[in-house]
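The values are calculated or read from the model by the stated rules, or taken from the named source; none is laboratory data. All values reported here derive from a predicted model rather than from experimental measurement. Quick reminder, even Gly has a Cβ in these numbers, built from the backbone with ideal geometry, and neighbours come from all protein chains shown.
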Amino acid sequence: MKTIINIVIVFTLFISLCLIPGCSRRPALEEMDDVSAFQYLRTRYDKGDYLEATSGLEFYTLNFSGSSLVDSAQFLLGYAHYELKEYLLAADAFEHLYNRFQRSRFVPDAMYMVGVCYWKMSPKYSLDQDYTYRALDAFQAFIDYHPEYVDRVKDAQDLIELGRNKLAHKEYANGMIYLKMKDYEAAIIYFRSISDLYYDTEWAPRAAYQLAVCMTKQDKREEAESAFRDFISKYPDHLWRSKAESALNGLAVTDEG
């Protein structure tokens, strides 16, 4: 009698679990045609079931490679990974799309999203900036190949500006470390790199000023004076103008003495 009761309890529990939303067995994709399978996976994605969508879409792109919808599946796979915050996998999926399906209508968006994915992984300025460089390269490639997408080009340009500013910040921080260590030649290398590579960022004026400071510390008075004058000429409205003018006056007094 106990055995029968236990069987009934287990069966009832099984039925109850199966009735819970989302617990029903996924249909066998291999038994479906390409259109039905894609529609099912699209529905899972639209309902926010990104985990099931990714596994199903990976199966689809491998087993329905001859379908006219395979590029759509590849594109959706990228977005499913993106929604799961799996940005590296998402970038890989989008890159795979435009490398494999070069004539797909999704190529421009995929190229843009590669930049977005790498940008999402870009850390604060003090850490390694490999993903920042990757993001900037991806955005620039998108702009070069698809300038007609005006709105997204503008977004890409804005993110490039932010990325360049972050890279300049890192260079400036490195320069300041060497300045404090009194390794002025090393500091000068970093400050000059900002002037050469990141001249349009907010860190360029500061780097120009600190370059003059380094030369002052090295007793290179003529070069320091020239550097301070260049700073004042290029950035007449900068907050540090008065500091540069004071430094110039100090150099002049020292020279006279």
Within region 70-81, can one find any residue that is at pLDDT 95 or above, more than 29 Å from residue 133 (Cβ to Cβ) and of a type in the set (Gly, Ala, Ser)? yes
Check 208, 168, 187 and return the single one that is of a type in the set (A, V, I, L, M), under 17 Å from residue 229 (Cβ atoms) and crowded, with 21+ Cβ neighbours inside 10 Å. 208
Residue 236 versus (1) outside any helix (DSSP H, G or I); (2) surrounded by 14 or more Cβ atoms within 10 Å (Cβ to Cβ); (3) not acidic (Asp, Glu): which is the lone unmet condition? (2)
Under 6 Å between Cβ atoms, at least 6 apart or on separate chains: pull out the pairs that start in region 89-100 with a residue that is in a helix (DSSP H, G or I) and end on any residue that is of a type in the set (A, V, I, L, M) and surrounded by fewer than 24 Cβ atoms within 10 Å (Cβ to Cβ). 98/107
Among 178, 131, 112, which is the only one that is over 21 Å from the mean Cα position of the chain (by Cα) and assigned to a helix (DSSP H, G or I)? 178
Pairs where the first residue, in region 116-136, is among the basic types (Lys, Arg) and the second is outside any loop (DSSP other than H, G, I, E, B), C-beta under 6 Å, 6+ apart: 120/87; 134/118
Can you tell me which residue among 199, 190 is at pLDDT 95 or above and part of a helix (DSSP H, G or I)? 190
With the requirement that a residue be in contact (Cβ under 8 Å) with a residue 12 or more places away in the chain and either closer than 22 Å to residue 171 by Cβ or surrounded by fewer than 18 Cβ atoms within 10 Å (Cβ to Cβ) (or both), what does region 211-225 give you? 211, 212, 213, 214, 215, 216, 217, 218, 221, 224
